[in-house]
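Computed from the coordinates by the stated procedures, all read-outs in this text should not be read as laboratory data. Because the structure is a prediction, the values reported are computed rather than measured.
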């Protein structure tokens with residue numbers, strides 16, 4: 001009788017150990033999946049940002065040349081474009097906390113901590 005209890009206790013502890021190992025494996029897989037998805041999203045968005053930046057650079061150069069022909073002075077066209085960028089930079093600097101930093105932090109948090117429930121909700 002006592003041997004049966006000891007055997008049941010060993011069996012129970014073995015099952016608990018196995019269940020704990022499975023839970024740890026599952027958690028590891030979920031973390032790896034979330035990190036992989038976050039990395040893929042960041043790389044994809046990074047590529048899109050680079051493409052958009054290239055577009056803006058070439059459009060800006062074209063605008064500077066166009067304004068240079070309007071002013072009959074190439075340096076004045078580039079100066080006007082640079083002044084525009086300076087104005088945009090100053091505006092962004094003064095309103096960065098509410099409009100730029102917080103949304104970026106929220107996007108990164110959403111990417112890193114996306115749960116299975118979010119994915120299932122999108123599929124339904």
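Obtain the radius of gyration and the Kirkwood radius of the range 32-123 from its C-alpha atoms and give Rg over Rh.
1.19
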Using a Gaussian network model of the chain whose springs link C-alpha atoms within less than 10 Å, name the residue from 96, 17, 37 with the highest mean-square fluctuation. 17
